[in-house]
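Here the structure comes first, spelled out in structure tokens, and everything after it is commentary.
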Amino acid sequence: MKIAINLKITILFAAAFLFVCVLFALLGKIQIDSHIADERINQKEIIAKIAYNLERDKEFDLHNYLLSKSYCLITNERIFKQIIAKGEKAFKIQFSIGSLSSIIYHDQFYLYVEYNQQKQLYYFDTAVKFEYLFLFSFIFILVLIMFLYFSVLRSLKPLKILKNKIKSINSGKIEPLSEYSQINDEISEISFEFDHAMTKIQELVKSRQFFLRMIMHELKTPIGKGRIVCEMIDNQKQKDRLVDIFERLELLIDEFGKIEKVLSKNCHLNLQTYHISLILEQAQDYLMREDFYQKVKITYKEDTMIVADLELFSLLIKNLIDNAIKYSDDKSCEVICSSDYIMVRNKGNKLKKTFEYYLKPFVREGDTQTEGMGLGLYIINNICNIHGYNLSYSYEDGYHSFKIHFLRFDN
């Protein structure tokens, strides 16, 4: 299962967030328990001293003494009554002129004094400061985690832009990453370097396309002039032969143009439904062989209809048949058309390497005498891929079988 990096980071920071919350909860519980224990001991000592002083010194100022020990008097009557009513009495010391009680309310110790017919409630001021400090530390760490989380996500945004940019390359759209030009980190640098490299590649592709189109245009000019000169020849046989040659050259130039578009991934398919027989007729025209039916045996198990670009798919079949004739021992081949595939068979020796090796460009058998650049299967496989079809190969009983599997079109 593929998990996006943003999701991984979110899970990581969520785990860290929960861990910090649990950690602070445990630390808080430990600190509160420790504080309560210390405060209990402290209050016992203070209450014992107060009781001792009150018994021996009638002029002892209890209020000022408590203030000097960081205790504060609660003057709010409502809070006073709420603590007395709901608080838990930890312990109480009774003496002749009054009593002192320790009350715990919301993890806070209070000192309840009943003295000279007065009832007063004090709280320890440092405990409140401790709670605020602990809460501030907790909030600060959580804010820091959130800041780091959004900072990391922001740093990863150029990767998302880069991914979308890579996806758009096939459609020929190359846009700059200007919206992240102010981000100075490694990911942004990678994005900008990729952007710079793709701009260079685009320039090279355009230069190559311009160069090829210029060559094809320049070749068509002398071909056109040659056709005109042919009309001046009196010998009809020689005239027809030269016309066939020039037509062949024109078809080859057009074929080079189509192949260039396929290989540069700049091809827009004109998909329609055609009978296999019509595609084979078009492939025959591209081959321009007078001995086509002497060299090619066609068997129709079913003349099915397929969805394809007529020109490109005919070019595919033409290359497949042309390769089969060239590399066959008897310079012939067989084409078998079925309901869900078309197969081209020819007789020959077994391939010396794997089929995938021959799908690469400019690859041929090392000892073959056949002319060509070794682009046949490479072009065939590319045209199959852009149609969404599959090219397979098998060798059995001395015969090579190249099969194109396609989706059947049903009316």
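The values are calculated or read from the model by the stated rules, or taken from the named source; none is laboratory data. Just so you know, these numbers come straight off a predicted model, no measurement behind them. Cβ sites come from the backbone with ideal geometry, for glycine too, and all protein chains shown count toward neighbours. Surface areas here come from the heavy atoms of the whole protein model, side chains and all, with no ligands, DNA or RNA. Shrake-Rupley method; radii C 1.70, N 1.55, O 1.52, S 1.80 Å.
Annotation: residue 321 fulfils all but one of (1) outside any strand (DSSP E or B); (2) free of Cβ contacts under 8 Å to residues at least 40 places away in the same chain; (3) open to solvent by 10 Å² or more (accessible area, probe 1.4 Å); the unmet one is (3). Of the residues examined, residue 207 is not one that is among the small types (Gly, Ala, Ser), more than 27 Å from residue 11 (Cα to Cα), at pLDDT below 70 and part of a helix (DSSP H, G or I).
Taking residue 335 as the residue in question, decide whether it is surrounded by 12 or more Cβ atoms within 10 Å (Cβ to Cβ) and at pLDDT 70 or above.
So residue 335 fits the description; yes.
The single condition among (1) under 19 Å from residue 108 (Cα atoms); (2) among the β-branched types (Val, Ile, Thr); (3) open to solvent by less than 50 Å² (accessible area, probe 1.4 Å); (4) at pLDDT 80 or above that residue 47 does not satisfy is (4). Of all residues in region 306-318 being open to solvent by 10 Å² or more (accessible area, probe 1.4 Å) and not in a helix (DSSP H, G or I), which is modelled with the lowest pLDDT? Selected residue: 309.
Please go through region 28-41 and give me each residue that is surrounded by 11 or more Cβ atoms within 10 Å (Cβ to Cβ) and without any contact (Cβ under 8 Å) to a residue 40 or more places away in the chain, ordered by number. Break it down into steps so the answer makes sense when it comes.
From region 28-41, those surrounded by 11 or more Cβ atoms within 10 Å (Cβ to Cβ) are 28-29, 31-33, 35-36, 38-40; that's our starting set.
Those that are surrounded by 11 or more Cβ atoms within 10 Å (Cβ to Cβ) and without any contact (Cβ under 8 Å) to a residue 40 or more places away in the chain: 29, 33, 38.
Kindly check whether there is at least one residue in region 296-305 that is within 20 Å of residue 403 (Cβ to Cβ), among the polar types (S, T, N, Q), in contact with a strand residue (DSSP E or B) (Cβ under 7 Å, 6 or more places away or on another chain) and at pLDDT below 90. There is at least one residue in region 296-305 that is within 20 Å of residue 403 (Cβ to Cβ), among the polar types (S, T, N, Q), in contact with a strand residue (DSSP E or B) (Cβ under 7 Å, 6 or more places away or on another chain) and at pLDDT below 90.
Put simply, of 155, 168 the only residue that is open to solvent by less than 50 Å² (accessible area, probe 1.4 Å), of a type in the set (Gly, Ala, Ser) and at pLDDT 70 or above is 155.
Just one of the listed residues (109, 136, 91) is under 23 Å from residue 24 (Cα atoms) and either modelled with pLDDT under 75 or part of a strand (DSSP E or B) (or both), namely 109.
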